[in-house]
Amino acid sequence: MDEPAYTVVSDSETTGEEKSSSAFPEIAIGIDIGTSQCSIAIWNGSQVELLKNTRNQKMMRSYVTFKDEVPSGGVSNQLSHEHEILSGAAIFNMKRLIGRVDTDPVVHASTCLPFLVQTLDIGVRPFIAALVNNVWRSTTPEEVLAIFLVELRAMAEMQLKRPIRNVVLTIPVSFSRFQLTRIQRACAMAGLHILRLMPEPTAVALLYAQQQQLTVHENMGSGSEKIALIFNMGAGYCDVALSATAGGVSQIKALAGSTIGGEDLLQNMMCHLLPDFESRFSNHGMNEIKSLGLLRVATQDAIHKLSTQTAVQIDVNLGNGSKLSKLVNREEFEEVNQKIFEKCENLIIQCLHDAKLEIDDITDVILVGGGSYIPKLRNLVKGICKKEELYNFINPLEAAVCGAALEGAVASGISDPFGNLDLLTIQVTPLGIGIRADGNNFVPIIPRNTTMPARKDLVFTTVRDNQIEALVTVYEGEGVKVEENHLLGYFKITGIPPAPKGVPEINVCMDIDASNVLRVLAGVILPGFPHPAIPVMEIRLPTVDDGHGWCAEALHKTYGSTLDLETVQKKI
Amino acid sequence: MAAASAPSSSLYEVLGISASADCREIKAAYRRLARTCHPDVVAMNRKECSATEFMKIHAAYSTLSDPDKRANYDKDLCFSFNNKRSVSGFSTYKTCRNWESDQCW
């Protein structure tokens, strides 16, 4: 991302100073902000190195506590006890909440977290607050993420003894462009400049590409192409990627992702153990928060144990004389989460289909993320891919951050005398981008899994005679109806020359440049005229800010279908 | 679609391969060109034109690496060669492309 969508920091502080004047190009660091854990890595000149905090941890918990005057995050904070995170004073799961509105099911599922997530169900950002001295203090996921990033930055600067500015960040495949702007906002608040945002499995694919190049010294391109299926499940998201690798080039064939993860497994399990847990904790009193925290810790612990044991005993004192004591076995866990596992299966199948690949084409199957320890998931992925063994030359928890650090070095223009950085990732769009047309339908112009950079156009026309204006509403997603997709922005084309319906040709062109910036261009042509009827409009998206949930509704209320567009049937 | 957008040279010429190249050669040529033309590997001031160049290369690759699309393309190529490119309904599309490309670059 060379030109961030916001200009808050760069406008006022560092315009033009980004091109470093020092003799050594600054190597961008790689950061993997997980829903539950976070890590940071850098290319140290010969290999990727994970940085450790003062307590010698490579993996740091992703949370920020608002206990004292100064908030402190999981990088520096020393927890006296696990339960401290669950006292209501700490905000976590920000990656699940960022850039979502209060009608989103993911936000709804977060309302039974120990901190406050309040929804009004009108399509605005949810109210989020931490409990500080018995007061709910409001904050936002961006603010929490920024505080956390500031700590990470300070830690890296201390160790590397230089200022840190450029970063490569990993993101879930299913993140919308609106969510990306929120991540950019958080980084800007923390004084970080995003060099690249990498979908997590593509970072893993890059690491794989490097490993393949190290082991097989194949000459460029002519060596055998290896197809890897990468399955990543963390606490918040599940991603799948298929990549074709040869000669250090990792070509992403297809991506698929969904907001399912360890957090869902945990909630389903808590529901199973205590069926009325949501109603029990809905009023967020001090005692409820405490017992909810206890239940959460015990359940999480049990899930971890079930990866190696077939059964586990759970004992939780829920307060008020109520006690939970239960023996849970692995089958129960798998049964309770059957739907999640089915979704994982569907993602893999969808990804294979989109990549136009067969199971027999797959060379290696790579499982990463915390979910990779779950026996059911391992068997499921092995089963679909018909593989006896998984690729085991990659650390499942460090793969994404290592890939991000590699990309950070490559994108910073660093070269390695041994050719270890002769790498390239050819990315694809994780979601389709299109406009509303033909009634309430979403018409993709750039379909998902299109190689980037990309430019595509489609011709639309008016729906009524002498229609002189048209509304272009841009969405991102996979739904058939517009409301199933993310709204990115909208604009009106005015001054269409009066003509019978279906005559004016309205060309909508979408362009994603090398920095992943999306621009929409719209022009009007009347058949028989060589030049555009009006100046072409060029809009950089997303333009929607907060409250995008009710924007579409407001547009519909104001204009109805008067400014609609229709697709033009392709004449051959 | 790709055929319409690159009238100046054949897709084989874009990839620098012969019309009899096999699938492996097509992939190798694509990767080789990506290593030099992709916006991620070129200098800052060349990013925009390299994006256009890479899109052209990718369009050629995606047509030629798909056996059905390649067969269709080969048929069209042969046809347009024999007929000295008879322009029909595409003229309006071409004007559209002009404003678009003028505007972008």
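Summary table
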read-out	value
³J(HN,Hα), Karplus 6.51/-1.76/1.60, whole Hz, each residue of region A:130-139, x for Gly, Pro	10, 8, 10, 6, 6, 10, 7, 9, 6, 8
Ranking of A:Val443, A:Val124, A:Val482 by count of other Cβ atoms within 10 Å, fewest first	A:Val124, A:Val443, A:Val482
Whole-number percent relative contact order across chain A, with pairs defined as alpha carbons under 8 Å at least 6 apart	14
Amide proton proximity set for A:Gly73, modelled H, under 5 Å, gap of 5+	A:Thr65
Footprinting exposure proxy for A:Ile349, A:Ile227 (fewest neighbouring C-beta atoms within 10 Å first)	A:Ile349, A:Ile227
Cα-based helix-to-principal-axis angle, A:399-411 vs chain A, degrees rounded to 10	50
Likely footprinting exposure, A:Thr461, A:Thr299, fewest C-beta neighbours within 10 Å first	A:Thr461, A:Thr299
Per-residue average of Cβ from other chains inside 10 Å of B:24-33	5
Rounded Å value of the spacing that divides the Cα centres of region B:43-68 and region A:413-476	16
B:Asn72/A:Val503 FRET efficiency (R0 25 Å; Cβ-Cβ; nearest 0.05)	0.20
Amide H contacts under 5 Å for A:His193, placed H, 5+ residues apart	A:Asn166, A:Val167
Of all DSSP beta bridges in chain A, antiparallel share, percent nearest 5	85
Ranked by how many other beta carbons lie within 10 Å on average, peptides A:425-431, B:52-58, A:342-348 from highest	A:425-431, B:52-58, A:342-348
Estimated D of region A:259-386 in µm² per second, where Rh is the Kirkwood radius over Cα pairs and Stokes-Einstein applies at 25 °C, 0.890 mPa s	150
Partner chain coverage, peptide B:37-50 - average Cβ within 10 angstrom	3
Distance between region A:135-200 and region A:360-387 - C-alpha centres, whole angstrom	30
Cα gyration tensor shape of region A:432-567, rounded if a/c is under 1.5, else prolate or oblate by comparing a/b with b/c	oblate
Separation between Cα centres of region A:275-304 and region A:37-74, rounded to whole Å	27
Whole-Hz ³J(HN,Hα) from phi, Karplus 6.51 cos²θ - 1.76 cosθ + 1.60, for region A:353-364, glycine and proline x	4, 5, 7, 6, 10, 9, 4, 5, 6, 6, 8, 10
Chain A: angle of helix A:200-215 to the longest principal axis, Cα-based, in degrees nearest 10	80
Simple Cβ-charge dipole of region A:262-332, Lys/Arg +1 and Asp/Glu -1, about Cα centre, in debye nearest 20	240
Lys/Arg +1, Asp/Glu -1 at C-beta; the protein assembly as shown dipole; positive extreme among A:Asn507, A:Gly247, A:Gln118	A:Gly247
Equivalent ellipsoid semi-axes, region A:137-204, via Cα gyration tensor eigenvalues times 5, rooted, Å	20, 17, 9
A:Lys386-B:Thr36 FRET efficiency (beta carbon distance; Förster radius 35 Å; 0.05 resolution)	0.40
Cα long-axis angle, helix A:141-160 against chain A (0 to 90 degrees, to the nearest 10)	70
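Here, each number is a calculation from the coordinates, and none is a lab measurement. Source: prediction; values computed, not measured. A quick note on method: Cβ atoms are made from the backbone with ideal geometry, for glycine too, and the neighbour counts reach across all protein chains shown.
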